[in-house]
Each structure stands twice: as C-alpha cells, then as structure tokens.
Amino acid sequence: MNKEQYTKAIELLNLYAYHYYVLDDPMTTDEVYDKLYHEVLEYEEQNEGDILPSSPTQRVGDAISDGFEKASHLSRMWSLEDVFDSDGLQKWLTKTYKLDRNISFYCEPKYDGASLNLIYENGILTQGITRGDGSIGELITQNVKTIRSIPLAIEHKERIEIRGEVVLYKEEFERINHERAAKGEAVFANPRNAAAGSLRQLDSSITASRNLVFLPYGVGENTLEHKLLSQKMEHVYSLGFKKPPLCATCQNFEEIEAIYEEMNKNRESYAMMLDGMVIKVNEIAAQIDMGYTVKNPRFSVAYKFPAVEKITTLKEILLQVGRTGVVTPVAVVEPTNIDGVVVERATLHNFDEIERKDIRINDKVIILRSGDVIPKIIKVLTHERDGSELKVQKPTNCPVCGSELLDEGVLLKCQNLTCEARVINSIIYFASKPCLNIDGLGSKIVEALFEAGLVKSVLDLFELDMEKLLKLEGFKDKKAQNLLDSLESAKGCDYWRFLNSLGIEHIGEVASKALSSRFGSSFVDASKEEIIALEGFGEEMAESVLEFVRVNRETIAKLQATLRPLEPLQREEAHENPFKGKSVVLTGSMSLSRDAIKEMLEALGAKVVSSVSKKTDFVIYGEDAGSKYDKAIDLGIAVLSEQEMREKIEQA
Ligand code: IVH
C-alpha cells in the first residue's frame, strides 16, 4: 500500500462505516471491512508520520486516563423548559407568538441520554466535552472517538460545535444489563444512566464496548448562514451525522399536536428511548430576537411524554425456572397503569440484585416501563418503610420440582433435567421463532400438552395425532389440524434452525449458523480445536457443544431422523493442487481484485488469511508488496509472484 492507496482506503473505510453506523444500511460485509482495516493498520505501523486523524484506527479505545480535564464550551449549552400536556403547549405557544407572530416550528425527538458537545476545527474532531454546568464540562475526546456514529472528520472547514445526545439503544442496554447481572455486577437503572456512565469511563476500551450512538440536535458556535433551523439540521445530517427517526416542520398547534401524537404512539418501535418531543422556532432570526431566560432559550420547549416511572408496592416475589434450569426472581407489584399499560410484574435479574438493592416484600418501589425495556424496579423508597416489610430469602430448592438448587453465586440452578419447568420451557424454545418457528405452539398449548401427558420431550411432539389432540380442551378439528400441519412443515428446515432448537447453552442463532455452515450434521463429531477455530467461538462455547453432544447424542440422532433438516451446501472437494489445504496470504496489487484472487484460491481449497505467521504456507505478492512480503522472507516462507502462482495452478 502506498500513501495514495492509504488515503483512498481511509475514505472507503469511512464510507463503509457511515453506511453501517449512520444510515443503518451496510454496503459490505464485516470481512471486507476488517481486511481493509488491517491493511491500513499495517501501513500505519510502517509509516507513523502519515497517520490521518480521520483514520478509523484512531477510534480504538485503549487510552486509560486518571481523570478528565475540564474544558469550556465555545458557546453555552442551555436547558429546556418542559410542558406536559396540550394546555402547557398552548400556553407556551401563546407566550411565544407574543414575541413574534410569523414563525414556524421544527420538531424532533427528545432523546433520553447524555448531552455532548463536539468541536470540529479545520474539519477535524478536536474536542468532545460533556455538558457539565453548561459553560464548562469534562473533556472526554478519547472516549468520544470510539463512538462510530461520530465522524472524526467532516466536510466543513470552519470551526463548529455540533451538539447532540449520546444514547444507548434499548436492545444494547438490555444486553449490557444481562451481562452485568450474569457477572453479579450492579445493573444500570435506565439507558440514560448507562449512556452517561459509559461516556465517563477512564478506560476508553469500556466506552468502545458499549456501542453508544450519537444523535445531533443542534449546533453551538457556527458560521452557517441558513435562515431556518431545519436547513441547518439538514446540513448537519449531510456532514455524516445520524438523522432522527422522526422530525417535521409545523405551522401551528394542531400540526405540533399531530406530530407529538405520532411520535408518542411510535416511541416503542424506535431503537432509542425518547422522553418527549422538542419544539424549536424554525426561523433563526426570530430565535436570536427571542433570546434566553436565565436558564432556557425562549424559542424552544420540551413537550414531555407521559411518565414511565410510577410508585407501587412490591407484593410478592415469584420464582421462574428457565429451560436451562436458571431460577430467576420476578417481582409481582400492585397493578399500576403506566402510560396506558397495566404493569403487574417487573424483572429482578437475580438474587444478588435483590440483596444489593435491599428489596423487601411490601416495600414501596419506583418501577420504570419504557418501550421495549422490560419493566423494572429502579429504586426502593426505604424512607417509606413502616416495619411490615419482609426480607426475601434465597430459595434452596426448585420451586417447581423441589430438587435442591445449585448455588453458583450469581446464578441459582435447578439441575433436574426432567423438572417440569425445564421441559416445558425447552419445548417452548424449540418451537420459537429463531428455532423451528412452529406456528400454534405457544406457551399455553405446550403447557396443556404437557399436563395432559401427551408431550414429555420435543420428540413426543412428532407423535401427536388427531385422536390425541382432540382430547385436549379447546381443540377442535381445525385447530388440531393446523398444529399438525405446522409440525409437519418444520420438517426439512435449515440445518442451523435445527441446531439452534437444541438449546445448547451459549449457542444462539449466530453461533448455530456458524456451526451449521462449517460442519452441518457432522457437528456432533467436531473436535474442540475445530470449533474454537470458528470466528467468534471461545473455549466456553466449544465445551458447551461437546458436553451437549456427549449427553444427548442419541436424542440428536433421533430428532434429526424425524426432522430431516437440510444439510448446508458443502463446497465441492477441490482436486489435487499445490494450494489445497494451504494457508495463503496476499499482498500488493494484482491484475485482479483481492477478492477475485481470494475466491480463485479458495475454490482450490486454500485458506486465505490476512496476516503472515509461521503457519503461513505461501505469500503471494503483486506490485508494491509491503511488509507482509518482508515478513515472509524473514520467516523463510515461500513467496510467489502472481505469475508464479498462475503457473503452478496451470501445471496442476
Ligand atoms: S435542545 C437549545 N434538543 O435535553 C436548547 N435537547 O432538557 C438545548 N435533549 O441538555 C437543548 N434531545 O441533553 C435539545 N432534540 C433535542 C434534545 C435535547 C435531548 C437533552 C439535552 C439537553 C436536555 C434539556
């Protein structure tokens, strides 16, 4: 790679990342990205002086600081006045119209996260500063650079402050909490706390691992000359920042109300948490005229969504036993209406959580419900205790089958494989969407089938017939036939679905796909080394597969005979040639693209990898071959020019 190719590669990587992280519309595979990234990294190792500030390698979080410096915003970061209903909005509008009658409004979501100010100078991100007191915040530039939806460089050369909110998507929030709970760490109360906490990590690799997202909502100091805020924001989005899931310009009260209703109605379906809608006067000149009170701009207001936090009483703690035997406590609360939904239960993750928060039966608690976030207890109001509260005891026996529980510290497990709860939940899982996707086999029906003694394992499902089903309450001809039909249509499924439906611990959908495409049905004979060699697999996963196969080999065979899942397409065996089974590294530019050469070699049975090691068999080089060539020579590995490679292939 030469300097010009390096610059091009950076542009391409940034374009890939923009499509992936900002547009949510990937234009290539991870593999292609990673390969180019490593080539860039290699070039930078050799040419430290050439490293561009916009290079994605500059994002890696490995800096550890012992505290954050303070830094000043170029212009103040304000707060917003809140309104809570149509009345409040009407009053705000009346007040604002008195200042200027000829105005329209720009409406966008109020994101629930942590605010952040980005300073770009000469098109380069130079500082990332937390809001702080509005004038001075903490300098967290290194952490900010790990956020992939923040461009490191923009096509705007004058100094500009871009302001926005750093959020954690709800799914990511659940993932992080799940992981923390499993490790016995305190879970975050809500995505906002999690985002703020993640931003202020002294170890930026932790920030990097949290998959934070930046959503711009305005500019601070700037030289933009647009007359309308909506135009300014369009300009900001065009610089490579994310657009809101919904935004609009409105002319009057009715239009604002309509957008608010729409946003509130859809809020569950958005990836991030919203706590309201922000309304801003769209005309910049009018904004300047209106100015600020001590705290807030007069030209803007936050129209909050109905509360998602409510105070209620904890009545009871139920114990749920999952298909893997893990016992999870679930809080039963005094039914409370939160934003139109009656909440009766909340998650508690595990017993450590109960102990740490000192949650007691009869306690007054604050519960939070929002979007796809499962309702949870976020706070215990200890000052409201009257002595009637009862401490929660950690159970010693399975609440379903009574057998003694294994206390693994954070997790409690029922070890009885025939425990009713485990069996029922495994069957429900077996039939679920990412597994065999069997319509009409939800939890109620599985429970009924189990209770009637018709199904004690997944294998029994395929022994069901009309006669058996019609004995069940609520089953008439049609319903029974539908269930039999969907069971029948599960046969001949993709192999990965079959594999996933087995419910092997630590092996989810992605891992099932990988195992399946590598081994197909011979996964039962794969060695630990072969499994670990798969991308994304570690020791624990490999052991889990081996252990599962050891215990369930017979059941797997029987199920397979019944379901006849399709073997994934296997590559035709390559004929004998010098590259078959060899590990090959490519370097330099060749007559065809890297991908084309790679495909050609793979068709011959070679494994094309990106870096040279002692295990490499051949390094094939083109023009401008770089350090990989030198390394091959150093290690005494065979090097071939493109021409030599072709000759060898032809001879074979
Ligand atoms: S504008 C000019 N717009 O809410 C006023 N703020 O309560 C500056 N926030 O500190 C804020 N989404 O962190 C604005 N679309 C949005 C917002 C938003 C979230 C946060 C921001 C601000 C706080 C004010």
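The values are calculated or read from the model by the stated rules, or taken from the named source; none is laboratory data. Every value quoted in this text rests on a predicted model; they were computed, and no experiment measured them. We place every Cβ from the backbone using ideal geometry, glycine too, and count neighbours over all the protein chains shown.
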Restricting attention to the range 100-112, and to residues there that are in contact (Cβ under 8 Å) with a residue 24 or more places away in the chain and away from the ligand (no atom under 16 Å from the Cβ), which single residue is nearest to Gln251 (Cα to Cα)?
Ser104
Hey, can you tell me all the residues within the range 431-456 that are in contact (Cβ under 8 Å) with a residue 40 or more places away in the chain and farther than 18 Å from Asp485 by Cα?
Pro434
Sole residue being more than 16 Å from the ligand (Cβ to nearest atom), in a helix (DSSP H, G or I) and modelled with pLDDT of 95 or more, chosen from Leu93, Leu41
Leu93
Is it the case that some residue within the range 603-613 is touching a residue at least 24 places away in the same chain (Cβ under 8 Å) and touching a Pro at 6+ places or on another chain (Cβ under 7 Å)?
no
Among residues of the range 285-314 being β-branched (Val, Ile, Thr) and over 26 Å from Asp133 (Cβ atoms), the residue nearest to the ligand (Cβ to nearest atom) is Val308
Does any residue of the range 140-158 turn out to be within 14 Å of the ligand (Cβ to nearest atom) and surrounded by fewer than 21 Cβ atoms within 10 Å (Cβ to Cβ)?
no
Is it the case, given these coordinates, that Tyr303 is in contact with a Gly (Cβ under 6 Å, 6 or more places away or on another chain) and closer than 29 Å to Trp92 by Cα?
yes
Got at least one residue in the range 236-243 being touching a residue at least 12 places away in the same chain (Cβ under 8 Å), within 14 Å of the ligand (Cβ to nearest atom), buried (at least 16 other Cβ atoms within 10 Å of the Cβ) and of a type in the set (Phe, Trp, Tyr)?
yes
In the range 463-488, the residues that are in contact with a helix residue (DSSP H, G or I) (Cβ under 7 Å, 6 or more places away or on another chain) and farther than 18 Å from Phe450 by Cβ:
Met466
Which one is surrounded by the most Cβ atoms within 10 Å (Cβ to Cβ) among residues in the range 523-553 that are in a loop (DSSP other than H, G, I, E, B) and within 28 Å of the chain's Cα centre (by Cα)?
Phe537
Pair list, Cβ under 6 Å, 6 or more apart: the range 297-311 residue aromatic (Phe, Trp, Tyr), other residue more than 10 Å from the ligand (Cβ to nearest atom):
Phe299/Val281; Phe299/Met290; Tyr303/Val83; Tyr303/Leu89; Tyr303/Tyr260; Phe305/Asn264
Hey, can you tell me all the residues within the range 613-639 that are under 18 Å from Gly581 (Cβ atoms) and either outside any strand (DSSP E or B) or touching an Asp or Glu at 6+ places or on another chain (Cβ under 6 Å) (or both)?
Ser613, Lys614, Lys615, Thr616, Asp617, Ile637
Selection from the range 267-284 of residues that are in contact with a Phe, Trp or Tyr (Cβ under 8 Å, 6 or more places away or on another chain), more than 30 Å from Gly508 (Cβ to Cβ) and either outside any strand (DSSP E or B) or away from the ligand (no atom under 16 Å from the Cβ) (or both)
Asn282
Can you work out which of the residues in the range 122-138 that are among the aliphatic types (A, V, I, L, M) and surrounded by fewer than 20 Cβ atoms within 10 Å (Cβ to Cβ) is farthest from Ile10 (Cα to Cα)?
Ile136
Could you check the range 405-416 and list, in sequence order, the residues that are free of Cβ contacts under 8 Å to residues at least 24 places away in the same chain and either outside any strand (DSSP E or B) or aromatic (Phe, Trp, Tyr) (or both)?
Glu408
Filtered residues of the range 244-263 (kept if within 13 Å of the ligand (Cβ to nearest atom) and part of a loop (DSSP other than H, G, I, E, B)):
Pro244, Pro245, Leu246, Cys247
So in the range 161-199, with the set limited to residues that are among the polar types (S, T, N, Q) and within 16 Å of the ligand (Cβ to nearest atom), which one is surrounded by the fewest Cβ atoms within 10 Å (Cβ to Cβ)?
Asn193
The residue that is farthest from the ligand (Cβ to nearest atom), considering only those in the range 55-80 that are in a loop (DSSP other than H, G, I, E, B), of a type outside the set (A, V, I, L, M, F, W, C) and in contact with a strand residue (DSSP E or B) (Cβ under 7 Å, 6 or more places away or on another chain), is Glu69
Conditions first: (1) touching a residue at least 60 places away in the same chain (Cβ under 8 Å); (2) at positive phi. Gly123 passes all but one, so which condition is the exception?
(1)
Checking Lys170, Lys98 in turn, the sole residue that is over 28 Å from the mean Cα position of the chain (by Cα) and of a type outside the set (A, V, I, L, M) turns out to be Lys98
Search the range 508-522 for residues being surrounded by fewer than 21 Cβ atoms within 10 Å (Cβ to Cβ) and closer than 18 Å to Cys435 by Cβ, and hand back the single one that is farthest from the chain's Cα centre (by Cα).
Ser521
Provide a single number: the residues in the range 476-492 that are within 12 Å of Leu464 (Cβ to Cβ) and of a type in the set (Ser, Thr, Tyr).
1
Starting from the range 1-14, keep only residues that are in contact (Cβ under 8 Å) with a residue 12 or more places away in the chain, then list their pairs with residues that are buried (at least 18 other Cβ atoms within 10 Å of the Cβ) and β-branched (Val, Ile, Thr) whose Cβ atoms are within a distance under 8 Å, requiring at least 6 positions of separation or different chains.
Met1/Val40; Tyr6/Val40; Ala9/Val40; Ile10/Val40; Leu13/Val40
When residues of the range 206-216 are filtered for being surrounded by fewer than 20 Cβ atoms within 10 Å (Cβ to Cβ) and in contact with a strand residue (DSSP E or B) (Cβ under 8 Å, 6 or more places away or on another chain), how many remain?
0
Right, Phe351: within 23 Å of Leu229 (Cα to Cα) and buried (at least 21 other Cβ atoms within 10 Å of the Cβ) or not?
no
Would a scan of the range 351-359 turn up a residue that is touching a Gly at 6+ places or on another chain (Cβ under 9 Å) and modelled with pLDDT of 90 or more?
no
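Residue-wise test of (1) aliphatic (A, V, I, L, M); (2) within 18 Å of Thr94 (Cα to Cα).
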| residue | (1), (2) |
| --- | --- |
| Leu239 | yes, no |
| Leu246 | yes, no |
| Gln251 | no, yes |
| Ile259 | yes, no |
| Glu262 | no, no |
| Ile284 | yes, no |
| Ile288 | yes, no |
| Pro297 | no, yes |
